[in-house]
1. Of the residues Ala187, Ala192, Ala179, only one is over 30 Å from Lys106 (Cα atoms), touching a Ser or Thr at 6+ places or on another chain (Cβ under 6 Å), aliphatic (A, V, I, L, M) and modelled with pLDDT of 95 or more; which?
2. Within the range 15-25, can one find any residue that is at negative phi, touching a residue at least 24 places away in the same chain (Cβ under 8 Å) and over 21 Å from the mean Cα position of the chain (by Cα)?
3. Here is a check on your reading of the model: is Phe84 assigned to a loop (DSSP other than H, G, I, E, B) and buried (at least 21 other Cβ atoms within 10 Å of the Cβ)?
4. Touching a strand residue (DSSP E or B) at 6+ places or on another chain (Cβ under 7 Å), assigned to a loop (DSSP other than H, G, I, E, B) and surrounded by 21 or more Cβ atoms within 10 Å (Cβ to Cβ): which single residue out of Ser32, Ser54, Ser48 fits that description?
5. Hey, among the residues in the range 26-72 that are outside the structural domain of Leu15 (by TED's automatic domain parsing) and of a type in the set (D, E, K, R), which one's nearest to the chain's Cα centre (by Cα)?
6. Can you report the number of residues in the range 138-163 which are among the small types (Gly, Ala, Ser), touching a strand residue (DSSP E or B) at 6+ places or on another chain (Cβ under 7 Å) and surrounded by fewer than 15 Cβ atoms within 10 Å (Cβ to Cβ)?
7. Would you point out which residue out of Thr27, Thr7, Thr100 is at pLDDT 95 or above, in contact with a Leu (Cβ under 9 Å, 6 or more places away or on another chain), outside any loop (DSSP other than H, G, I, E, B) and hydroxyl-bearing (Ser, Thr, Tyr)?
Amino acid sequence: MHRDLVTLASQPFDLVVIGAGLHGICTAYDASIRGLRVALIERDDFVSGTSANSFKIIHGGIRYLQHADLYRIRESGRERTALFRIAPHLAQPLPIMIPTYGHGVKGPEVLAAGLGLYDLLVFDRNRGIEDPDRQVPAGRVISREEVLAEFPTLDARRLTGAAMFADGQIYNPPRLGLAFVRSAVAAGCVAANYVEAVGFRRAGDRVTGVVVRDRLSSETFTVQARIVVNAAGPWAEALLRQDPGLALTPPGTYSRDACFVVRRRLTGHAALAVPGQTRDPDAIVSRTARHLFLAPWRDYTLVGTWHVVHHGDPDAFTVTERELQTFLDEVNAGCPGLGLSLDDVTLWNAGLTLFGDNAEGAVNLRYGKRSRVVDHAQSHGVDGLITQIGVRLTTARGVAERVVDLAYRKLDRHSPRCTSAERPVHGGATGPFEAFVAGLASGELQQQPRTVVRSLAHNYGSEIGRVLDHCRTHPRGWEQLGGRHVLGGEVLHAAREEMAVRLADVVFRRTDLGTADDPGPEALRAAAELMGAALGWDEERIGRELAEVGAAYARLAPHRASQRPPVAEAAVGSPAAP
């Protein structure tokens, strides 16, 4: 997979998709496997925005019972099943425990009724999933003793038990997106990162393509297409406003959804729900405050999610040290036995997502409920343009199916049946996943630590052989970078076959190296040298790449900045701004 800008600039397409978050990627993938000639462009790296910085949860829809929103329950359950079926290496069930205190509305009795109703509504939740480890169990209520065995630090006073159900978790969202990208490219899609849409090409009342700028060379050219899908997420509306008369009415509202990573892992195997300090104003039935969740993830714990309405530039948001402390205070109030502090936090994740309508200064916020799909021929009298803004990562594949159906109608062509919910994505043909891992551990990788084997299995699945080729053929291919479970061959594979062009692409998206914590100067230097060998970087370029990654960690973990070695100690050459 390589950046082919010559083809992008010289050939007309049926469909060009702007934005390679999971929603845009799934649209490009679905359109490609149905037979359309597709281009996919992204101004930064693939899956580098909201999708990458999500809470990594695949929502099964149980919380929508409170809204009596049967559509979202069925939609979410269906899409969770699809992800377990087509990407078993990257998506798996996540048990979640909601402790109960007292009886009645706040006790296990009401939750048991809700779990039973939910299981009836998603009766087909395991359809087509042969791997028992990827099947979603029925919800159940457990005893007080079982709860304390799992989480002994919980406040035992008035504890009466807990509800147990399962959502899903993504091992690595950028790699899930990349699996879809690689599948799309295999079906004929022309994909390129670091290609920014700067405007639409118009012929009267019809959009005929996109004017783009290569952010690596600054070259500007036009990508011609019969249909343009603007799937740039929170950046979609800014692009529309550059063309007179295309602004959305009403404009979207966006939330900065934030979570953070804790180095300390939960004692149990389930995620834990703790009461927060806000309520859901849209809930028809509500037991208590909204929940915050602590979810085991790799060797860490994810804690979230917090929502703040964001106005203005979608690039201009951050999470401050003061906010992190406020989040910690809220979690500790909900579960005092945790005793989390800023020292436990390795970094924060945040992205902008479509939100509900809220009064200025509202505390109890309304969340977004439906993704937005706009046919501009109907809304603005401008044909050839569709805007797609997703509300949840979970439903990206299903929304993409709707968008591609619409594109076929606009092209006045018969649409082949959508098969994206059935066929495994790149790396997804593993069979039963735990058996797949065991097979790797007893074969060529038997001398590797179990953490290395499992990481490789998750990130590459059935396509692991292509990574192992790079491990075998390079002197540093089997090296564990900085003593971590990422191998040198993974960096080489990313640079040579996965369109990684910057060190940050490898550290934050192609591998596990830096997605949960700063891996330290030794690991970053090793990764930069391997990328440099593959891409022809000199020492000055290596220094700039290291400086860029160092600046990213300073932003993602401002409370740890004083503990991080200065960039100059980890990099050689003149540092440059990212």
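The values are calculated or read from the model by the stated rules, or taken from the named source; none is laboratory data. Being a predicted model, the structure only gives us computed values, none of them experimental. Every residue, glycine as well, gets a Cβ built from its backbone with ideal geometry; the counts of neighbours run over all protein chains shown.
1. Within the list Ala187, Ala192, Ala179, the selection yields Ala187.
2. In the first step, residues of the range 15-25 are kept if they are at negative phi; the result is 15-18, 20-25.
Still in the running and touching a residue at least 24 places away in the same chain (Cβ under 8 Å): 15-18, 20-25.
Within this subset, residues satisfying the condition of being over 21 Å from the mean Cα position of the chain (by Cα) are 15-16.
Yes, that holds for at least one residue.
3. The answer is no for Phe84.
4. Going through Ser32, Ser54, Ser48 in turn, just one is touching a strand residue (DSSP E or B) at 6+ places or on another chain (Cβ under 7 Å), assigned to a loop (DSSP other than H, G, I, E, B) and surrounded by 21 or more Cβ atoms within 10 Å (Cβ to Cβ): Ser54.
5. Lys56
6. Going through the range 138-163 one residue at a time, the tally reaches 1.
7. Details: Thr7 fails: in contact with a Leu (Cβ under 9 Å, 6 or more places away or on another chain); Thr100 fails: at pLDDT 95 or above.
Residue meeting the stated conditions: Thr27.
Yes or no, residue by residue, for (1) surrounded by fewer than 20 Cβ atoms within 10 Å (Cβ to Cβ); (2) touching a residue at least 60 places away in the same chain (Cβ under 8 Å); (3) not polar (S, T, N, Q):
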residue	(1), (2), (3)
Asp383	yes, yes, yes
Arg392	no, yes, yes
Val404	no, yes, yes
Ala407	no, yes, yes
His414	yes, no, yes
Ser420	no, yes, no
Ala429	yes, no, yes
Glu434	yes, yes, yes
Leu445	no, no, yes
